[in-house]
Amino acid sequence: MPSPLEPLPHQVLATLAQHRMATNRQLHDLLRPQASRQIISKPLARLHKEGLVDYTTLPQSNRTRAWFLTPDGARITRDWPQLRGRPPYPITSASAASMKTPHVLTVVRAHLTFVTDARDRGDEHGHLDWTPEVAHSLGDNERVIADALMYYVLHAGNGSRTKLRALVEVDRATTSSERLATKLIDYARLHTYTPAPPGRRAAQGNTAPAWQRWYPVFPRILFILTGAGPTTLGHRIDDLQAMAGEHPAVAELARKVPLGAAVLDDLEQHGPTGPVWTPLNGQGERRSWTEL
């Protein structure tokens, strides 16, 4: 749960800076799930009056508001310690918000499944443990951008703690299944990419892979699917599995890194630690994301 020592308006600003946009209900569920819905409305109204947040009204939603930081709000939060390392992709106008709303709010929706599950289980995963749009260089001015980077601490019954990380892709079925599957090739390239030392080519074994600059182990990769019927989403998962089995670099990645795919509706119904994740290496039945 968020620290009670931080004022709620401060937490609202930090959450909007981290996630770029969220509805009243999403902010409530992230920050004060046990309180009444009105507890979020008051600080939002105050911050709006001070010119730090603004909103766009979602179409066909009974006037649901999606909130985002104004330029002044983004400037105030830019150097907050808990937001260091946050990619600078603020949404600071209603027109920009209206174009990005479907994807951004779906990513927040995916995050909420992990936050809710962690609270129920007693694990460590809060409103700032999910960083959207994290980019990694692939060299030659190319990069791979994950929809989110997740940090999670799993608590076992014997008192042990396991630190987990995941690069998350949220797919709304707006592009072809093949294009979705090729994202695995980018992650396979990231897994092996070793930057050359300045002024010379990299000698094999002479330089560590670039990902070790940020992670002690390569994060697991999770695909969360929505936006289509069960048959279509099942085919998209099949194509992800096919890519993991047929492409040599992706197959090598699948042998070393946990890869899984799940449907967002299943995550909301059963929780991310339920048996809802299909291993992309094709081995075994559906399982928890922690057991991939």
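Structure notes:
- Criterion violated by HIS19 - all others in (1) buried (at least 22 other Cβ atoms within 10 Å of the Cβ); (2) within 19 Å of the chain's Cα centre (by Cα); (3) farther than 12 Å from LEU69 by Cα satisfied: (3)
- For the criterion of being within 19 Å of the chain's Cα centre (by Cα) and not aromatic (Phe, Trp, Tyr), PRO230 fails.
- Taken across the stretch 271-282, residues that are crowded, with 17+ Cβ neighbours inside 10 Å and part of a helix (DSSP H, G or I) do not occur at all.
- Being modelled with pLDDT of 85 or more and of a type in the set (Ser, Thr, Tyr) is not true of THR92.
- Take the conditions (1) surrounded by 15 or more Cβ atoms within 10 Å (Cβ to Cβ); (2) closer than 20 Å to LEU30 by Cα; GLY122 misses just one of them, which is (1).
- Test: residue in the stretch 62-71 that is farther than 26 Å from ASP147 by Cβ, over 23 Å from the mean Cα position of the chain (by Cα), assigned to a loop (DSSP other than H, G, I, E, B) and modelled with pLDDT of 90 or more: no
- ALA14 meets all of the listed conditions (1) buried (at least 17 other Cβ atoms within 10 Å of the Cβ); (2) more than 15 Å from GLY126 (Cβ to Cβ); (3) small (Gly, Ala, Ser) but one, namely (2).
- A single entry from THR175, THR226 fulfils the requirement of being of a type outside the set (Phe, Trp, Tyr), over 18 Å from PRO279 (Cβ atoms) and exposed (fewer than 13 other Cβ atoms within 10 Å of the Cβ): THR175.
- Look at the stretch 190-209: where a residue is within 20 Å of VAL257 (Cβ to Cβ) and a partner is modelled with pLDDT under 85, sitting 6+ places away or on another chain with Cβ atoms under 6 Å, you get THR194/ALA202; THR194/THR207.
- Residue satisfying all of: in the stretch 22-56; basic (Lys, Arg) and not in a helix (DSSP H, G or I); surrounded by the fewest Cβ atoms within 10 Å (Cβ to Cβ) among these: ARG37
- Checked against (1) buried (at least 18 other Cβ atoms within 10 Å of the Cβ); (2) within 23 Å of VAL144 (Cα to Cα), PRO209 passes all but condition (1).
- Applying a threshold of 6 Å to beta carbon distances and a minimum spacing of six or more residues, or different chains, the list of pairs starting in the stretch 105-121 at a residue that is in a helix (DSSP H, G or I) and ending at one that is of a type in the set (Phe, Trp, Tyr) reads HIS111/TRP130.
- Of all residues in the stretch 135-149, those being part of a strand (DSSP E or B) and either within 18 Å of THR192 (Cα to Cα) or free of Cβ contacts under 8 Å to residues at least 40 places away in the same chain (or both) number 10.
The values are calculated or read from the model by the stated rules, or taken from the named source; none is laboratory data. Computed from a predicted structure; not experimentally measured. Counting neighbours? That spans all protein chains shown, and the Cβs are built from the backbone with ideal geometry, glycine included.
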